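What follows is a set of notes on a single structure, which appears directly below.
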Amino acid sequence: MTNNKKIYDKGMVIVGLCIFVVVITFPFWFNLGNAAPAPEPKIADKAKAAKECVMPKEYMKIEHMQLLNEWRDTVVRDAKRIYVGSSGKEFNMSLTNTCLDCHTEKAEFCDKCHNYASVSPYCWECHIDPKEAK
Amino acid sequence: MKSSRRKFLKIAGVSALGLGAKPVLDVLAASGEHETTSTPEIKKGKDALTAKRWAMVIDTRKIESEEDLKPMIEACHKIHNVPDLENKNHEIKWIWTEEFQHGFSTQEYEFADERVKHLPFLTLCNHCENAACVRVCPTKATFKREDGIVLMDFHRCIGCRFCMAACPYGSRSFNFRDPRPFIKETNPEFPTRSKGVVEKCNFCAERLAVGKMPACVEASNGVLTFGDLDDPESEVRKLLKTNYAIRRKPALGAGPSVFYII
């Protein structure tokens, strides 16, 4: 009977494994506790004064991209441009003329979270931020 | 005790199924509620102008020179953020002028009268009844609206330029470069385009939606008339009834919606 369970160069293998695990997990423990805090988007004064958005705040937080997608399709395809929001108020479905009219600080409102979440929506390649245009 | 074990397993199975179904039902119930609160109404503006088939009549008898047409071109290009590129290969145009010989290449030209021969003709997208550009577009970025306007959804344009090859009127331009630096005065109310999309006249769909006539018509001093081709009482139909008008390259069967009174 021969013993098959022997590891050759046991010491070397274990040291190697340890180094491997340390190297592979390096990014995790190196950045431990250094996570960037979630940004708090700044609500512009005009938006604060308006008190309400087209839909409730919680909905807008999670679903604004779906809402904007729906807006762009109905405006372009169906020529329907009026949106009756959750409070019964009518809005012109326009990113520049309605959203940015209240949320005047695109950099502080849109970009802050988008940068944090590392998403780069291409809205602004065509749609104008009135502030940047000036 | 065999039978009781069997029973136990049966009961256990059914209860597990029941427990598993609960969260699923909860989710379904929640999504149902969700739907009802998040389907607000979407509608047309109350001032929106509507038609079965929008059309334009250009009275060329009222035009003498290029100068008469400039204000219309400028009005359009200004409000739609059309860039002014010097390189002719990169040129973007929604509305422009063409000589009779080129614009109406299928018409008799050699013995045409002097006025027509040298007159600048205002040309733009014809918003054809059977638009070739709509048929060839692989992404349906170009489509025909219910009111006859051939419109572009820039979000979906992939810049393949099939539509440019298909359009017999040269109405389409491609953005070879980022147009923004070449827009003299940006109109913040209308988007610009990005590099890599095709663009063209939209019959001022955004103005019709708020009850305004197209910008070129407004700036034309009565040279251009805009209306519903399907309505026998409309201004355009009245003009066409009493005047002889031609269209560009009619033999192609595209059915342009822009008419020229000669």
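Every number here is computed from the coordinates shown, using simple stated rules; none is lab data. Everything numeric here is computed off the predicted structure, so don't read it as measured data. Glycine gets a Cβ as well: all are built from the backbone with ideal geometry, and neighbour counts include every protein chain shown.
Brief remarks follow.
- Cα-based Rg and Dmax for segment B:139-223, where Dmax is the largest Cα-Cα distance (Å): 14.0, 39
- Nonlocal amide H pairs with B:Ile246, under 5 Å, H built at 1.01 Å: B:Tyr260, B:Ile261, B:Ile262
- If you take all other residues with their beta carbon under 10 Å from the beta carbon of B:Ala166, and give Lys and Arg +1 and Asp and Glu -1, the sum is +3.
- Per-residue Karplus couplings for segment B:40-51, computed as 6.51 cos²θ - 1.76 cosθ + 1.60 with θ equal to phi - 60°, are listed in order as x, 6, 10, 8, 7, x, 6, 8, 4, 8, 10, 7 Hz, Gly and Pro entered as x.
- Using alpha-carbon coordinates, inclination of helix A:57-78 to the longest axis of chain A, degrees: 60 degrees
- Across peptide A:78-90, the average count of Cβ atoms from other chains found within 10 Å of a residue's Cβ is 5.
- Sorting B:Tyr109, A:Tyr122, A:Tyr8 by the number of Cβ atoms found within 10 Å of their own Cβ, with the fewest placed first, yields A:Tyr8, A:Tyr122, B:Tyr109.
- Listed from fewest to most Cβ neighbours within 10 Å, the set B:Trp94, A:Trp124, B:Trp54 follows the order A:Trp124, B:Trp94, B:Trp54.
- Kirkwood Rh, angstrom, the protein assembly as shown [1 / mean 1/r, Cα pairs]: 26.0 Å
- Taking amide H as placed 1.01 Å from N in the peptide plane, B:Ala51 has no amide H partner under 5 Å among residues 5 or more places away or on another chain.
- Rounded to the nearest whole Hz, the Karplus-based 3J(HN,Hα) values (6.51 cos²θ - 1.76 cosθ + 1.60, θ = phi - 60°) of segment A:16-27 follow the sequence x, 4, 4, 4, 4, 4, 4, 5, 5, 8, 3, x, with x at glycine and proline.
- Fewest-first sequence of B:Asp84, B:Asp147 by Cβ atoms within 10 Å of each Cβ: B:Asp84, B:Asp147
- Chain B: relative contact order in percent, alpha carbon pairs under 8 Å with at least 6 residues between: 28 percent
- Here's the picture: charge each Lys and Arg Cβ at +1 and each Asp and Glu Cβ at -1 in segment A:1-112, and of A:Met12, A:Ser86, A:Ile24 the one pushed furthest to the positive end of that dipole is A:Met12.
- What the pair-distance distribution of segment B:37-140 shows, using all Cα-Cα distances binned every 5 Å from zero, is 2, 8, 12, 16, 18, 18, 11, 6, 4, 2, 1, 1, 0, 0 percent.
- The sum of -39500 (n - 2.57) across all DSSP H runs of n ≥ 4, divided by the residue count of chain B, sets its helix-only mean residue ellipticity at 222 nm to -9500 deg cm²/dmol.
- Projecting the Cα atoms of B:Cys201, B:Gly253, A:Val119 onto the dipole axis of the protein assembly as shown, where Lys and Arg carry +1 and Asp and Glu carry -1 at the beta carbon, places A:Val119 farthest toward the positive end.
- Rounded, prolate or oblate (a/c below 1.5 giving rounded, otherwise prolate when a/b exceeds b/c) for segment B:54-261 by Cα gyration tensor: rounded
- The alpha-carbon of B:Lys7 sits under 29 angstrom from the alpha-carbons of these lysines, leaving out residues fewer than 8 places away in its chain: B:Lys22.
- The residue among B:Gly148, B:Val210, B:Cys160 whose Cα reaches farthest toward the positive pole of the charge dipole of segment B:120-262, with charges on the beta-carbon of Lys, Arg, Asp and Glu, is B:Cys160.
- Long-range HN-HN contacts of B:Asn81 with modeled amide H, under 5 Å: B:Asn187
- Taking all Cα pairs closer than 8 Å and separated by 6 or more residues, the relative contact order of segment A:45-133 comes to 26 percent.
- Backbone HN-Hα couplings from phi across segment B:251-259 [Karplus 6.51/-1.76/1.60, Hz, Gly and Pro as x]: 5, 6, x, 6, x, x, 9, 10, 10
- Only Lys, Arg, Asp and Glu carry charge here, each on its Cβ (+1 for the first two, -1 for the last two); on that basis the protein assembly as shown has a dipole of about 2460 debye about its Cα centre.
- Low-density loop positions, trypsin sites (Lys or Arg not before Pro), segment B:116-197 - DSSP coil, at most 11 other Cβ in 10 Å: B:Lys140, B:Lys184
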